[in-house]
Amino acid sequence: MTAAPASKPSSRRRRLAPLLVLVGLNTAVFAAYTFPRTLQVRSATSRADAARSEVDAARREVTELRGRADAITANAADAERFYTSVAPPRGELLAVLEDVERMAREPGLKPGTRAYSQGEGTDPRLARVKVTLPLEGSYEQLVGFLERAEKSKHFLTVDRIALRGEEEGSASLQVELSAYFRSDGRPIARR
């Protein structure tokens, strides 16, 4: 009777060994199937995140480029409007220079010897004439001249101003203006 108890643990061991092998085999198959799939899912998720961020960056860049394109279109329209807003055919260089001289004398300023030079233009459709004009008078008269130049019907720019105080109430002003003309010689008018 002692033989029977010894056979029960060995039969359990015999049944336990295939069961353990089966569990190990099952675990190995499960790991072999799910581990690569898990890595694939993680890889696909990270690629999708990277693609989303690239798409967002591309959208921001497209928005910025569209804004630049709109600005360029608006600038081109403004430039075309500038080039086509020409004064009536009465104006020539001499008329513009006479108007500048008149603007200086009207508020009571004393213009000195003016000098002219051909300015460098960046656009072949424009010609630029630089006018250097020394003026003497009161501060109010000088300000009046600058206001008239700003409101002139001709397209004038004030390039440089040098103001020097003289006697009480009097000042000396060195003004450098530029007058712009179409390359065909007609002056550009302000609108």
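Worth pointing out:
- Long-range amide H partners of residue 155 with built H, under 5 Å: 180, 188, 190
- For the range 93-182, the alpha-carbon coordinates run over 46, 21, 19 Å along the three principal axes, in decreasing order.
- Backbone HN-Hα couplings from phi across the range 52-68 [Karplus 6.51/-1.76/1.60, Hz, Gly and Pro as x]: 4, 5, 5, 5, 4, 5, 5, 5, 4, 5, 5, 4, 5, 5, 5, x, 5
- Across the alpha-carbon atoms of the range 1-84, the computed radius of gyration and Dmax are 35.9, 124 angstrom.
- Note on residue 32 and residue 147: the model spin-label points, each 7 Å out from Cα along the C-beta direction, lie 9.6 nm apart.
- Residue among 69, 21, 44 farthest towards the positive dipole end of the range 1-84, charges placed on Cβ: 21
- Length released on extending from residue 45 to residue 159, taking residue separation times 0.36 nm less the Cα-Cα span: 34.9 nm
- Using a Förster distance of 35 Å, the FRET efficiency for residue 56-residue 79 (Cβ separation, nearest 0.05): 0.50
Bear in mind these aren't lab numbers, they're just calculated from the coordinates by the rules spelled out. Quick caveat, the model's predicted, so the values are computed rather than measured. Here the Cβ is made from the backbone with ideal geometry for all residues, glycine too, and neighbour counts use every protein chain on show.
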